[in-house]
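In what follows, a single structure is set out as structure tokens and then discussed.
The values are calculated or read from the model by the stated rules, or taken from the named source; none is laboratory data. Predicted model only: the values in this text are computed from it and were never measured. Counting neighbours? That spans all protein chains shown, and the Cβs are built from the backbone with ideal geometry, glycine included. With ligands, DNA and RNA removed, areas are computed over all heavy atoms of the protein, side chains included. Shrake-Rupley method; radii C 1.70, N 1.55, O 1.52, S 1.80 Å.
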Amino acid sequence: MKLVFAGTPEVAVPALDALIASDRHEVAAVVTRPDAPAGRGRRLVASPVAERAEEAGIEVLKPARPRDEDFLARLREIAPDCCPVVAYGALLPKAALAVPARGWVNLHFSLLPAWRGAAPVQHAVMAGDELTGASTFLIEEGLDSGPVYGVLTEEVRPTDTSGDLLTRLAFAGAGLLAATMDGIEDGTLHAVEQPAEGVTLAPKITVEDAQVQWSAPALRVDRVVRGCTPAPGAWTLFRGERLKLIQAVPVLDRTDLAPGELSAAKNNVHVGTGSHAVELLWVQPQGKKPMRAADWARGVRIVPGELLGN
């Protein structure tokens, strides 16, 4: 089939690579978000998908909005058979959905109908799911509600951050998306409607969502830190400034600390929660690089009884 691939972040690149490598399909063009400011200089930078497509000599389309008439006209000129999508980042209008004869097929990183929305992996980690996966489905106007072509499963490991899990799903899902294109092309694969039961939503995780509540149980604190790593980053307040929490693990045998209370020894930093303590392993003070929590604690000279969250 002739394909137009839509995607933007690094997590979409493995799927693009898999389709470029396929000897059954042609990636005629790529659709991605416009260049965005990045770094301290805030200069405009192309998306990872755009960079990979340009390396491969593939036409790159960067509409400000996918309903723009210039973009729609070019899409009709290319006349793709199918448009695979991975984390494109914009809603597709009816006019775009109508162009490819075999539709737009999304690779979504959950076992649909669970975790429909922008942040399925983060929500799976934060909810304590033991199993997740990826699904390919035909895009409709509803939110991730279209019929499903194929799925794969992936275990959520006890120490997984959302970044760890998303990386594994990106590479496994690339194979699923390529196989889905093959099955659509040869007529062996047919989409099945999603069940009405089991729908959960996964909206974007905000900075406010990523603030650690020390009155919550240690297990919840652990899940929030892992689920918000690397983005948007779990955080708390220390002496009125934001402290990013990169890695923290429950300490099951310590229950003597009040929620948020700090206890610093030579080689460890413990914080009280609503249940038992957690040990901070890596933190990032505001305006500084990530560092071991014990090094941070020595530098700031924690006062006995001092609290996080203030």
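Pairs, please: C-beta under 8 Å, at least 6 apart or cross-chain, first residue farther than 14 Å from ASP209 by Cα and in region 234-254, second aliphatic (A, V, I, L, M) and open to solvent by 60 Å² or more (accessible area, probe 1.4 Å)?
PRO250/LEU219
So the check is Cβ under 8 Å with 6+ separation or different chains; which pairs have a first residue in region 20-45 that's without any contact (Cβ under 8 Å) to a residue 12 or more places away in the chain and a second one that's loosely packed, with under 11 Cβ neighbours inside 10 Å and outside any strand (DSSP E or B)?
Close Cβ pairs (under 8 Å, with a partner that is loosely packed, with under 11 Cβ neighbours inside 10 Å and outside any strand (DSSP E or B)) amount to VAL45/GLY39.
Among ALA114, ALA119, ALA124, ALA134, which is within 18 Å of the chain's Cα centre (by Cα), over 30 Å from ASP35 (Cβ atoms), crowded, with 23+ Cβ neighbours inside 10 Å and of a type outside the set (Ser, Thr, Tyr)? Outline the logic, then answer.
Working: ALA114 fails: crowded, with 23+ Cβ neighbours inside 10 Å; ALA119 fails: over 30 Å from ASP35 (Cβ atoms); ALA134 fails: over 30 Å from ASP35 (Cβ atoms).
Result of the check over ALA114, ALA119, ALA124, ALA134: ALA124.
Do you know which residues across region 174-203 are among the small types (Gly, Ala, Ser), surrounded by fewer than 15 Cβ atoms within 10 Å (Cβ to Cβ) and within 20 Å of the chain's Cα centre (by Cα)?
GLY175
Take the residues of region 147-198 that are in contact with a Phe, Trp or Tyr (Cβ under 9 Å, 6 or more places away or on another chain) and assigned to a loop (DSSP other than H, G, I, E, B): which is farthest from LEU19 (Cα to Cα)?
Taking the candidates together, the pick is GLN194.
Residue by residue, here is whether (1) modelled with pLDDT of 95 or more; (2) open to solvent by less than 50 Å² (accessible area, probe 1.4 Å) holds:
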| site | (1), (2) |
| --- | --- |
| ALA265 | no, no |
| HIS270 | yes, yes |
| THR273 | yes, yes |
| GLU279 | yes, yes |
| GLY287 | no, no |
| PRO290 | yes, no |
| TRP296 | yes, yes |
| GLY305 | no, yes |
| LEU308 | yes, yes |
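Being of a type in the set (A, V, I, L, M, F, W, C) and open to solvent by less than 30 Å² (accessible area, probe 1.4 Å) narrows it down to one of VAL99, VAL13, VAL45, so name that one.
None of the other options fit; the residue is VAL13.
Name, by its number, the condition in (1) over 25 Å from the mean Cα position of the chain (by Cα); (2) closer than 30 Å to THR229 by Cα; (3) touching a residue at least 60 places away in the same chain (Cβ under 8 Å) that does not hold for PRO80.
Status for PRO80: all satisfied but (2).
Per-residue answers, yes or no, for (1) farther than 21 Å from LEU189 by Cβ; (2) β-branched (Val, Ile, Thr); (3) within 17 Å of the chain's Cα centre (by Cα):
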residue: ARG76; (1), (2), (3): yes, no, no
residue: TYR88; (1), (2), (3): yes, no, yes
residue: ALA98; (1), (2), (3): yes, no, no
residue: VAL151; (1), (2), (3): no, yes, no
residue: GLY163; (1), (2), (3): yes, no, yes
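A quick yes/no check of all residues on (1) touching a residue at least 12 places away in the same chain (Cβ under 8 Å); (2) touching a strand residue (DSSP E or B) at 6+ places or on another chain (Cβ under 7 Å); (3) not hydrophobic (A, V, I, L, M, F, W, C):
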position	(1), (2), (3)
LEU112	yes, yes, no
ALA119	yes, no, no
PHE137	yes, yes, no
LEU143	yes, yes, no
LEU152	yes, yes, no
ASP160	yes, no, yes
THR167	yes, no, yes
ASP182	yes, no, yes
